[in-house]
Amino acid sequence: MADKQENKDSIFDHPKRLLVGGVAIGVGGFLLYKLGSKIVSNMQQRNTENLASDNPEVRQAMALRSAMNPSGVSWMRSFDGTNTTAVFDTSHQIKNLNDVGDAYRKLYGDDLLQDLQSELSASDYQKFLTMVSSNPAKTGGSAPVSFAKKSQMVVAKVEVFLRTSPDATYHEAIYQAFSDHKNIIRKAKVGEFLGYATGKQAYDDKNNVKFIEVGYLVKKENLPASLKAYAGKTYTYWVSSSSNYVDIFQSYKDLWQAYPSSQQECSYKKPLDYYSSLTGFITQAVISKRATQILDDKMQPFVIVPPQTLLGQYLMCLDTGRIRFVKFRTVDNTERWVKADFVTIKDNTI
């Protein structure tokens, strides 16, 4: 008993030994913890990398890391420089940015978006997000960003190039006289009704331009002599969707209020599916005889259409005793009313 007490006293008689022993235990414990953490992290990374061949999000996370850290040495990342071309190439493939971010965190323990913000300029980072968010195949998070919805009407706000492809590289500069990228069809005039958005869009990341495809069909009926040669022909082209260059409208009413002169163009420029969408649908067609006021489902004035406009499918007739109204369904499945005296009903089953 006395020996045990003597040993205990000797330990407390030498506090330096106690301190050194404590530090050794602490350092050993810390190193053991770090080693264990490293082993677990490496196991997670190997498991994630093993999924790369089957998981596109893992491949995309690895591609982005490689673009930001080409050497592969993490402490060299700030010296490596970032391959922005590789970042943008990868962004075109990303369908679910959240899943890519999760894979990136498992692989490297870092936040993907924070790393991208630190490695890219503000404009390049915004460009990356635009390319990801506008991907039509996007599945994660909010719906893909639409530059213009299908069937919306597009008008040139200023003179703007109409192109055969969504590439703004060529702009008719003198030094581009021998360029292989000549894709300009013509320059649209201010206030020109360009047609209807087809639903197709593309982002020109090289020039930071958002493009939409616009098109129209020249209707076959009641055309002036100067346009008869174009009857039934279709036209499509790409144009910048920027509000600096075009105005986009959901309804004729808003379009004609902003650009009254577009009414004439709208009378013969129709959506590309103007005829095909009606095939087998309209058995009794409602057609305007003259400039006609269209009423909404609450019998309130909605828009005025030009003569000889195919309004839609006849549904019913309502006689108030003073006025007869015709109810019809438009191509986009909207129910409208019109005074019966202003329209004719053509039976296509005869």
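Sorting Met62, Met68, Met153, Met316 by the number of Cβ atoms found within 10 Å of their own Cβ, with the fewest placed first, yields Met316, Met62, Met68, Met153.
Panel order for Tyr108, Tyr125, by other beta carbons found within 10 Å of each beta carbon, from fewest to most: Tyr125, Tyr108. The overall shape of region 153-270 is prolate: from the C-alpha gyration tensor, with semi-axes ordered a ≥ b ≥ c, the ratio a/c is 1.5 or greater and a/b exceeds b/c. For the pair Tyr235 and Leu129 in one chain, pulling the backbone fully straight at 0.36 nm per residue adds 35.0 nm over the alpha carbon distance. Full extension of the chain between Leu227 and Val145 yields a length gain of 25.8 nm, computed as 0.36 nm times the residue separation minus the alpha carbon distance. Taking a ≥ b ≥ c as the square roots of the eigenvalues of the Cα gyration tensor, region 51-133 is oblate, since a/c reaches 1.5 or more and a/b is not larger than b/c. Each of Tyr274, Trp256, Ala340 was scored by the projection of its Cα onto the charge dipole of region 219-350, and the greatest displacement toward the positive side belongs to Ala340; charges sit on the C-beta of Lys, Arg, Asp and Glu. Distance between the C-alpha centers of region 185-225 and region 96-111? Whole Å please. The two parts, judged by their Cα centres, are 39 Å apart. Need one number: nm distance between label points at Ala258 and Ile345, each 7 Å from Cα along Cα→Cβ, rounded to one decimal. Rounded to a tenth, the inter-label distance reads 3.6 nm.
Ordered by the count of other Cβ atoms within 10 Å of each Cβ, fewest first, Asp180, Asp80, Asp99 give Asp180, Asp80, Asp99. Cα gyration tensor of region 191-341, axes a ≥ b ≥ c as square roots of the eigenvalues: rounded (a/c below 1.5), prolate (a/b > b/c) or oblate? The shape class here is prolate.
Since every read-out is calculated from the coordinates, none of them should be taken as a lab result. Treat the numbers as computed from the prediction; the structure is a model and nothing was measured. Don't worry about glycine lacking a Cβ; one is built from the backbone with ideal geometry, like all the others, and counts go over all protein chains shown.
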